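One structure is given here, and the rest of the page talks about it.
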Amino acid sequence: MTTQTLPIELYYWPTPNGWKISIMLEELGVPYTVKYVNIGKGEQFEPSFLKIAPNNRMPAIVDPEGPTADGGWGGEPISIFESGAILQYLGRKFGKLYAADERGRAEVDQWLFWQVGGLGPMAGQAHHFRQYAPETNTYGIDRYTNEVNRLYGVMNKRLADREFLAGGYSIADIASLGWIKPHKNQGQDLEDFHHLKRWYETLLARPAVIAGLAVGEERRRSIVDDKDAQKVLFGQRARA
Ligand SMILES: N[C@@H](CCC(=O)N[C@@H](CS)C(=O)NCC(=O)O)C(=O)O
């Protein structure tokens, strides 16, 4: 297995997308340092962060021991944004939690992209309309609560005859966990999804998951009543 000497820098805030990478790094047991990006205070717009993450979203990483041209490690530093790309990179680098064979990898990728392109954004919109929207918008609430419910159903069915989403425990499971955690804020009841509930409880008991979820927990604040944070986070448009 590749050994990591210098710590990986994790640009992070304790949210469902940030947790994916703190959990992954804890699972891998590699050295890392946390660079907090307080997204409620606008730190995601710092020019130094935008160089790493031009989409002004965390998580991102800088690996000081990047890939070399001959397929090894310990080359020039590399920065990566987008949680799915980071999970795949770490899985490939350390040869863990991401199947090595093409069939297994394709299976993991399907569920990873399902989370990044579906569960995450839809659950995020459900949070928005149910908790943050300044006025009650029944159409928005119903649309996203229903879609998240449908996605939970897909996941529940997938987990009916297997322990994890794609082969053994993998980056696909790690990616989805953080978005199931706030299920109440998405208007979902895990009692309606027994296989999903079993999976969720199994993952929550893993020491690395406990450690990953604890990273920066003391900094986590609800933005429901934080108008300043809402101003930073909502209504963003293209910047000059
Ligand atoms: N597709 C991105 C989504 C990341 C994302 O939405 N991060 C949020 C917090 S959970 C963020 O950094 N928001 C800052 C902002 O909206 O300006 C990923 O998977 O990495």
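The values are calculated or read from the model by the stated rules, or taken from the named source; none is laboratory data. What you are looking at is a predicted structure, and each value in this text was computed from that prediction instead of being measured. Glycine gets a Cβ as well: all are built from the backbone with ideal geometry, and neighbour counts include every protein chain shown. Accessible surface areas use protein heavy atoms only, side chains included; no ligands, DNA or RNA. Shrake-Rupley method; radii C 1.70, N 1.55, O 1.52, S 1.80 Å.
Being out of contact with any Ser or Thr (no Cβ under 8 Å at 6 or more places or on another chain), open to solvent by 60 Å² or more (accessible area, probe 1.4 Å) and touching a residue at least 24 places away in the same chain (Cβ under 8 Å) is true for just one of Arg103, Arg92, Arg57. Which residue is that? Talk me through it step by step, then tell me what you get.
Values: Arg103 fails: touching a residue at least 24 places away in the same chain (Cβ under 8 Å); Arg92 fails: touching a residue at least 24 places away in the same chain (Cβ under 8 Å).
Answer to the check: Arg57.
Given the structure, is Tyr139 farther than 30 Å from Lys227 by Cα and out of contact with any Asp or Glu (no Cβ under 6 Å at 6 or more places or on another chain)?
Values: farther than 30 Å from Lys227 by Cα: no; out of contact with any Asp or Glu (no Cβ under 6 Å at 6 or more places or on another chain): yes.
No; evaluated as a whole, the condition is false for this residue.
Any residue in region 187-205 that is modelled with pLDDT of 95 or more and within 16 Å of the ligand (Cβ to nearest atom)? Among the residues of region 187-205, not one is modelled with pLDDT of 95 or more and within 16 Å of the ligand (Cβ to nearest atom), which makes the answer no. Of the helices (runs of 4 or more DSSP H) contained entirely in region 49-166, those carrying at least 3 residues that are more than 26 Å from Asp192 (Cα to Cα) and at pLDDT 95 or above fall at 83-94, 102-114.
Residues in region 13-27 that are of a type in the set (A, V, I, L, M) and open to solvent by 10 Å² or more (accessible area, probe 1.4 Å): 0 in all. Quick check: is even one residue across region 137-144 buried (at least 19 other Cβ atoms within 10 Å of the Cβ) and within 22 Å of Pro14 (Cα to Cα)? No, every residue in region 137-144 fails to be buried (at least 19 other Cβ atoms within 10 Å of the Cβ) and within 22 Å of Pro14 (Cα to Cα).
So that you can scan it fast, the table gives a plain yes or no per residue for (1) at negative phi; (2) touching a residue at least 40 places away in the same chain (Cβ under 8 Å); (3) of a type in the set (Gly, Ala, Ser); (4) within 12 Å of the ligand (Cβ to nearest atom):
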residue: Trp13; (1), (2), (3), (4): yes, yes, no, yes
residue: Gly18; (1), (2), (3), (4): yes, yes, yes, yes
residue: Tyr32; (1), (2), (3), (4): yes, no, no, no
residue: Asn38; (1), (2), (3), (4): yes, yes, no, yes
residue: Lys51; (1), (2), (3), (4): yes, no, no, no
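For first residues located in region 61-89 and over 22 Å from Leu112 (Cα atoms), partners that are within 16 Å of the ligand (Cβ to nearest atom) and open to solvent by 40 Å² or more (accessible area, probe 1.4 Å) and lie 6+ apart or on another chain with Cβ distances below 8 Å form the pairs Pro64/Glu9. Taking each residue of region 196-224 that is at negative phi and surrounded by fewer than 14 Cβ atoms within 10 Å (Cβ to Cβ) and looking for partners that are part of a helix (DSSP H, G or I) and among the hydroxyl-bearing types (Ser, Thr, Tyr) with beta-carbon atoms closer than 9 Å, six or more apart or interchain, yields Ala214/Ser22; Val224/Tyr132.
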